[in-house]
Every structure is written in structure tokens, then in C-alpha cells.
There are 2 protein chains.
Amino acid sequence: MSKTAAKDRTQITMRDIARMAGVSESTVSRALAGSQLVAEHTRLRILELARSTKYAVNEHARNLALGQTRTIEVLFPIERGTLQRVSDPFFVDMVAELIDALSTHDYDVLLSTSPPWSEVRPGCAFLGGRADGVIFVGQGRHREEIAEFARDNRIVVTWGAGGRRDEGCVIGTDNVRGGYLAARHLIALGRRQIAFLGDCTLPEIEERYEGYCAALREAGMEPGDALRINAPFDIDGARTVTVGLDRFGRHFDAIFAASDMIAMAAMANLQAAGARIPDDVAVVGFDDVAMAAHMHPALTTVRQNIAEGAQLMTAKIMAMLQGEKPKGEMLPAKLIIRDSCGAPLSMRQESGDQT
Amino acid sequence: MSKTAAKDRTQITMRDIARMAGVSESTVSRALAGSQLVAEHTRLRILELARSTKYAVNEHARNLALGQTRTIEVLFPIERGTLQRVSDPFFVDMVAELIDALSTHDYDVLLSTSPPWSEVRPGCAFLGGRADGVIFVGQGRHREEIAEFARDNRIVVTWGAGGRRDEGCVIGTDNVRGGYLAARHLIALGRRQIAFLGDCTLPEIEERYEGYCAALREAGMEPGDALRINAPFDIDGARTVTVGLDRFGRHFDAIFAASDMIAMAAMANLQAAGARIPDDVAVVGFDDVAMAAHMHPALTTVRQNIAEGAQLMTAKIMAMLQGEKPKGEMLPAKLIIRDSCGAPLSMRQESGDQT
DNA sequence: GCAAAACTTGCAAGCGCTTGCATAACAGTT
DNA sequence: AACTGTTATGCAAGCGCTTGCAAGTTTTGC
């Protein structure tokens, strides 16, 4: 009937409410905003009217008028099509915490997997003032792009590895320290052939490896490529790689996995191959996802404080919104010791085995 | 300097581009939209200008003018504060698939945990025309509210249990069938004391329990409350509950858990208590999260086809956007048999144990 | 009983973008 | 040279909401 299909807006508008209440739009607007400028009884009447008609303010119009969005874009640097699933609970938890933290500040979360620079839609749509700021959850293989993006758009916070150059505000766990703690713990337990499982081309993983190397060297060992196994980040991939682990046979007596998911996959493989954990192989993960404590044996891991991270990122972005220019920060990594590492090998000789 | 702080819009606007290019806003708008109405060279010039100035259309203004949002709100019915974390990979996967499916249709995803009816912000903000439609991922304890919401807002799709009454378009796995398959499988394996772990006050879980009961009755057994253990959905809670499992001692020889997370927690508990899986206790989960295949022993489970579910929900909501009124649908549940159930007990007597 | 000081409300001008319609520019026909 | 098509551009209205300012209505003070 009308010119454009899109124009068939059936939505009830503020004007309708105004008409029904016999007042002007201004008054309705103010009433809904809880302004003191509107008489108590008028406000109540309008509120009631709005409620009964299920009226809802059009956020776009509102944001346009207000020049804000009250929305933060949360971005996963996942290569679409390549890495099909996220699957790693770390991400869920992070998103959940982020939503929590942001909605505390009355911000919505726009979730996306396609980074701004990948937009190929012909013509329009570069970024888009659809959000007041953006949070990158992890850098993936796009450290450079993110850094550049952060430079152009003032309101950007990134979770990942950083602090090196002007990459904007980067928040992350102290991965180097985390890796160091993990490896040092295994060494202290008497392990000598410690394999590293992870994809070192990812900035965060690389840092964890760095820490691992530091611990090894500190103990007088030299990290070798033979013990560095390039496990992809997604669990199916991790499984595939670690399937061959038993072929390594006696070559390693411990594993430091770059993520809990990888650790779990490796553990399952080893167990299936008949290896005992921690007796034959000790395992340490990274993240401390909820499941980690509930494996058998429970997984020793390096905890990333996700809640704190989310809150910190939120705080930073709020500060940026206020015009400040906050620096990145590093959250402490904490080693959570559980059964998957067992007691020191020396003690083991005497007593039976774990616990 | 200016009146309101919010008015300090530093953002470059279409007018700026127009001015710079020496054309009108209309032309810029059309050029950016790839309209045929604008001369090739003009378009190129404008595009180049836009790129170099990092100009981005203001989506709010655009959507306002267009009367659309190109956004779908995805809602988790999580009680904020109560159930702190989602943690269940099922949700991540679902969100990831949803993002994928929706962005294929050029829709953004607005993620939220606070349902529209919970808004308590005084005055304004009821729902908000911030999205063209909403998808509920699970019903939680809000089946009624969701149903009512769906009735008022035409564009709503829900994942969960449904089909009973006018709850709008509900998509979900055939939970009853899934529960039935799981229990029947355990029975066929010779198990007789099958415990059910899950919170039956949740619609979906209740359906799974229903299927479980059906299988039991079919085999001439009567489901009893003694074997029904009310495990919460989140993993820590599940762990807490199942910690006492070993006290049940010989009381059960199998477990059907309402989700993989619960199953994993139960498995870890049982293993820690010295029980062998599947020899002493067979375990079946529900969901087939990525981890399920990578446990030791690998978890037998009922697969929910998340990708298909996400695509179906997306298709439904797109249809609704076109004015159609699609019906809900039930996706088939599929039993994925892995090691956590082992071979039939009868065969077991003869050979050693599993695989 | 009247002016001044509250209180309420409405007007109208935007917010940045899209688009129907009018207009200008420039061929291509007779 | 006048006329009709095309094609490229601009005008201006409008999307639904907010808000400074002005106007109207009470209430208060003396």
C-alpha cells in the first residue's frame, strides 16, 4: 500500500501516546525519562498509558537525538568459516562477565565476529556509529589490525597480549608469568621433559611459551623444538594433534598446555592410550575454566581472572568514554594446583601414588 | 563549551563528506549505498573520500530513516546475580552459530541477559525498538513470561521446550525422544538402576526426564524419586550435588545426566571416588558439546544439532520479518554412542572390560 | 488582592540519514 | 533550433525522540 515496505511502521510512537494522553510529545518524553519537570499525576497517567499500550521508545531515535548509543561492541577475532566454533568456555565466561559488567553501567552489548576492517559490503558500511566503543576479546591473528583500529578509534579496549607498543588499551593476564609458573611448578615436581602444547603464532600463546622457556632455562634446561607441539586452539584440532602423543612415548613426562581445552584433549588422549595422569605424565593447563576443577584428575592450571578482567575492561572503556586515556594493564596469573600434577616425583618413589 | 556534553559530537558526518566532495548529502548517501543514480566517477570520489576520512555512517540515523534496525536481540534467560556464569559451552556454540547465521542475512546481534520484562529502570525503557526481533536461547524459569512476550511482539523465536500452547515459534530438540533414547540405550546395555541428574523444574529438562520415564516404563520399571537427583544446571552446582553420589553406593549402575556439563562433573566425582566408568557406572549426557568426545572415557550423549537449530531459528525469524507466521519445530535428537557406556553387561562377564 | 516565584506544559529546532520528486544538464531526434 | 529522453544532482520532508526556551498556570508572600 505505502511506498516502501519498510515504511509500514506499525509500531506505536511517542506521538500516539501524546495524543492519547492529551499532552505534547515533550511531556511524554519527559515523563518517560522520569524528569522532575512533569507533574506527578501526569507522569503516572502517561506511564500507565505506555505500559498498557506496550509502548517502547525507539532506541535509534533516542540515541540519535542524544548522540550516544549506550552500546559497546564486543568483537571476537574469529576467522569466519575457518574456525567454525568458539567452543572454548573461556569466551563464554568472558562474554557473560562482560555483559554483566557493561549492563551494570547501562550499556548494551553488540556481539560480532566480523571485525570492522573486514567489511567488504560494497559502498557503505565501514565501521558505523553503532557503538560507543569496542572491546576485542583476544587478538587472534589480527594484532596489527586491532592496533591500527585502536589508533583511529579512540574508544577501544583489547583483551590479549600487549604493552609493547602503542596498541591502545590492552588488558590481559600476565601470560609470561603464567607460563613461567606452570613450567616452574612442573620442574619443581621433578619433571624434566616438559612438552608445550599450543600455537605460538598467537600473541598470547607465544607469551606463555616465553614464560615456559624462561623457567626451563632458569633450571638449566634448554627448550627444544621437539617438545613444542603446535596444537591449534580449538578442541577438535587439539585432539587431532595430540592423538599422536603416545608415539612420543617416554619422550616427555609432563605437558604444559596453552589452554585448558587443549589440556583436556591431551589428557583424554593420554588416558585412552593407557597413560596414567599424573604418574606417567603431569599436566598443566591455562585459563581455569569451570570444567578444569571437575575433571579426573582435576586439572592444575593457571587461572585467568575473567570476572576481574571483564570489570577492568569495562572500567577502562568507561574511563575512555569520559575522555580519559587509560593505560593497559596486566592481571596477575595464578597457579591453581590440583591433582593432574601429583606430588613430586621424588616423594612418589616412597609412597604409592597420588593423594 | 556547547550546551550538553553529549552534544560534543566530534564524529564526522555525511554533511562533512558532502561539503568536502562538493556535492549534496543526497548524493553522498546514494553513493555510499551503491545506488545507480549516481555517476561512476562521483561515486568513486566520494567512496575514496569516505575511506580516507574514516567516515562511517551513523547506524542510528540510518536505521531511524529506514525504519529498521538490522539487529536481532539474542537473550539468555539467566537470572543475573543468581547464576553468575553461563559456562555451559552449549550456549557459546549456540551464540556463535546464531551470529554466523544472522550475519549471513546481514543482521547484527545484540546480546543481553536481562529480559524485557525485568526492566526496572524507572520511567522509560520498556522494551525498545532496538531490534527487529528477539531470540530467546532457552526458557529457563520464564516460560510464561516468554510466551506472553511472544504474544505481544510478533517477531520472537524461542529455543526450548514447546509446542504445547500458543507460545509463539519455539524451536528445540526433541527432548522427550532424546531422554527416551538415552535411557533405552542404558537399559539395553543391561543397566537397571538408572539415576537421572537434572533440574526438572526447567521445561527442557523436564521433557528429558519424561522421555527417560517412558523408556523405563516400557522396560517394565517404575521411575522412582530415589534415582532422581536434582542437579543444578551450572557445573559447580552439579559438582556439589554429585559429590555425594558415591554415598549411593550400589544404588545405581548408570546415570543419565540432563546436560554434558552435569555428566562430566558426575564422572569426575565418580572417578575420584574410585568408581570405574563404564564398568561400575555407565554415563550418558545430553548436548554433545565439543568436549564430550574428548573426555576419558568419551561421553555417550544425545546430540543437539546446534548449527541446524541456529539456522532454523534464523530462518524462522527472517520469515516472521517477512510477515509470515511460521510454526515451531522440533529437531531430531540423536544418540551418540561412545565409551562412557561400554558394552552390554552380559557380554562384559565374558571378556575383560571396555574396548 | 496583586506581583513574584514556582511549577507545568508546549513549541520548534535539531540529531544524521534516506528518498520521492523536481530540476538541471546533456545527449539524441526530427 | 526546438523538442524529447536520459542521466545526474539537489531540495526538502520526514524517521521518532530530546530539550532549551517561552508561555501558561498555580501557588505563595505580604
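The values are calculated or read from the model by the stated rules, or taken from the named source; none is laboratory data. None of the values given here were measured: they were computed from a predicted structure. As a convention, Cβ positions derive from the backbone with ideal geometry for all residues, glycine included, and neighbour counts pool all protein chains shown. For the accessible areas, the whole protein counts, side chains as well, though only heavy atoms, and no ligand, DNA or RNA atoms are used. Shrake-Rupley method; radii C 1.70, N 1.55, O 1.52, S 1.80 Å.
Quick notes on this structure:
- Split the accessible area of the stretch A:5-57 by element, probe 1.4 Å, and carbon with sulfur accounts for 51%.
- Average beta-carbon neighbours from other chains, 10 Å sphere, peptide A:105-113: 5
- Whichever aspartates and glutamates have a C-alpha closer than 13 Å to that of B:K325, once near sequence neighbours (fewer than 8 apart) are set aside: B:D166, B:E167
- A simple spin-label model places the labels of B:D279 and A:D166 6.5 nm from each other, with each point 7 Å out along Cα-to-Cβ.
- Near A:Y209: Cβ cut-off under 12 Å, other residues only, Lys/Arg at +1 and Asp/Glu at -1. The net charge is -4.
- For the chain pair B and A, buried accessible area totals roughly 6400 Å², probe 1.4 Å, rounded to the nearest 100.
- The contact residues of the stretch B:290-329, meaning those that lose at least 40 Å² of 1.4 Å-probe accessible area when all protein chains sit together rather than their chain alone, are B:A290, B:M291, B:H294, B:H296.
- Stretch gain in nm, segment B:N230-B:R19, where the contour uses 0.36 nm per residue and the Cα spacing is subtracted: 69.3 nm
- In a DSSP loop and with at most 12 other Cβ atoms within 10 Å, the GluC sites (Glu not before Pro) in the stretch A:281-337 are A:E324.
- Of A:K54/B:K327; A:K54/B:K334; A:K334/B:K334; B:K54/B:K316; A:K334/B:K54, those spanning more than 31 Å from alpha-carbon to alpha-carbon: A:K54/B:K334; A:K334/B:K334; B:K54/B:K316; A:K334/B:K54
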